[in-house]
Amino acid sequence: MTDRTPVVLGIDAGTTSVKSVLFSPDGGILALARYSVAVTREDGGVAESDMDEVWRATVHTIREALAEVPGADVVAIGVTGQGDGAWLLDADDRPVRSAALWMDGRAGDRVRGWFEDGRARAVHEATGSPLFAGALPVLLAELAETEPEIVGRAALHLNCKDWVRFRLTGEKATDPSEASRTYLDTQEIGYSDRLFAELGQEELRRLLPPVQDPYSVAGTLSDPAARELGLPAGIPVAVGLVDTVASAVGLGAVEAETGFIVLGTTGTVGVTHASRDGLKTDFGITLATGRGTQVIEAFSTMSGTPNLDWVRATLRLEDADWRTVERSAAAAPRGSGGVLYLPYGSPSGERAPFVDPDASASWHGMSVTTTPGELLRSVYEGLVHSLTESLDLLELRGPIAVCGGGSDSDLMCQILADVSGRPVRRGDAEVGARGAAIVALVASGQVPDLETAVERMSSGTTTFEPDPDAHAYYAAAHRVFLDIRDSARAQWEALRALRS
């Protein structure tokens, strides 16, 4: 008789890839599979993904991970994924169109209008978060005007994580962290009737799924999904959390006033508060965690590591592996020879730590003597200057837990320590999937509570200490970075007009 290995399956459906990870009950990674998902970009800020492709990627990665662990006995399944955007299904539970993603910028002009007429303020008062172009309320308004037949046929909105979980279980639901970015009152932890009324979108309430406890079982693996995945039916699947909150769980940042950074497609800096009363600013994203009144206050930029992908391609280094690219950047002097990079590379503008749909990236301080290595390093440093600004605004002073694909870079982590002046503690790169697995352990009753699950599933860390001399240099550079950004900001609208 074949021995069975108990495992927890954590699924992280990100913007550009889906990852499935099999964890042992003590947190060890037994298998990991990743599959890319295409993001289609078009003029006008459109950014979309095929919802069926997201599911196919999920199936592929689960089957691949299971093949690496013969005899795996999956005791629970957790899912997390990218948030925001519009993921619409019809009455037959089929996508009515490709998902408009969180980075979609087609509603940029509408956002400006909502700031002028007060609707953006209504969104902020209810959700605790500023409006931006990829948020569901403004995206639905945009689609209702440009694609009225699509919105008319839509019967349900399920964000990425909720769509994947629906395909696993057939159950339709969301959780407070996901709903925080739609129409949830993050103080009352329920959909806001007042917000629907102030936006004139009462009719669209029909699209929203019920909000459930993220640490509960949404349903069990259905027969059709079980056959597709090669798993037995009946495995419990947790409701789950959006990726930012799941990553905080994966890092162990679950207690009040604990900070963290997720450096991936976006660059997110977050801190956990007991309630909205603890918010440090009025322009960060507020995410209910599903633990009473607890919220996470986060600054989540529109573009993190894509800045690095872009500079790599621009310098024609696509054929060089990242180790080679990083050696070139590391060989350049701190400060990149006086070159500063503003990392606002998203076509949709910026949302953290400020909101500006016209924001754009730029280099400053170049000359004919500037080297490719200095240009590379300036992008690393520019990203870190942006993260440090968020750390300061959130008043995070102690060691910072960091994760995400960008944190795989030793250079990035050391620059982050040197610029911010804070020790940086790097966890493994799969904290989103780890957080999803932790939630699944709690939901399925495998452990008594979240704290126990976090302790049991914790991963090792690597610490990067700030160099005092480097920090002194970068403190001066950081002030210049902020001054240049604020000066350039006055011209962003005109530059955007020239671009279009």
Looking only at residues that are charged (D, E, K, R) and in contact (Cβ under 8 Å) with a residue 24 or more places away in the chain in the range 456-487, which one is surrounded by the most Cβ atoms within 10 Å (Cβ to Cβ)?
R485
Counting only residues that are without any contact (Cβ under 8 Å) to a residue 40 or more places away in the chain and more than 22 Å from W102 (Cβ to Cβ), give me the helices (runs of 4 or more DSSP H) lying completely in the range 167-231 with at least 1 of them.
193-199, 223-229
Is there a residue being assigned to a loop (DSSP other than H, G, I, E, B), buried (at least 24 other Cβ atoms within 10 Å of the Cβ) and in contact with a helix residue (DSSP H, G or I) (Cβ under 7 Å, 6 or more places away or on another chain) anywhere in the range 273-282?
no
Just checking, does the range 225-239 include any residue being β-branched (V, I, T), over 30 Å from A122 (Cβ atoms) and either out of contact with any Pro (no Cβ under 7 Å at 6 or more places or on another chain) or crowded, with 23+ Cβ neighbours inside 10 Å (or both)?
yes
Could you look through the range 318-339, keep only residues that are assigned to a helix (DSSP H, G or I) and among the charged types (D, E, K, R), and pick out the one that is farthest from the chain's Cα centre (by Cα)?
R327
Evaluate the range 125-135: report whether one residue or more is assigned to a helix (DSSP H, G or I) and surrounded by 23 or more Cβ atoms within 10 Å (Cβ to Cβ).
yes
Looking at the range 24-40, can you tell me whether even one residue there is modelled with pLDDT of 95 or more, part of a strand (DSSP E or B), out of contact with any helix residue (DSSP H, G or I) (no Cβ under 8 Å at 6 or more places or on another chain) and crowded, with 20+ Cβ neighbours inside 10 Å?
no
How many residues are over 20 Å from the mean Cα position of the chain (by Cα) and in a helix (DSSP H, G or I) if we restrict to the range 42-60?
6
Scanning the range 43-57 residue by residue, those surrounded by fewer than 15 Cβ atoms within 10 Å (Cβ to Cβ) and within 18 Å of L88 (Cβ to Cβ) turn out to be D52
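The values are calculated or read from the model by the stated rules, or taken from the named source; none is laboratory data. Everything numeric here is computed off the predicted structure, so don't read it as measured data. FYI the Cβ positions are ideal-geometry reconstructions off the backbone, even for glycines, and counts take in every protein chain you see.
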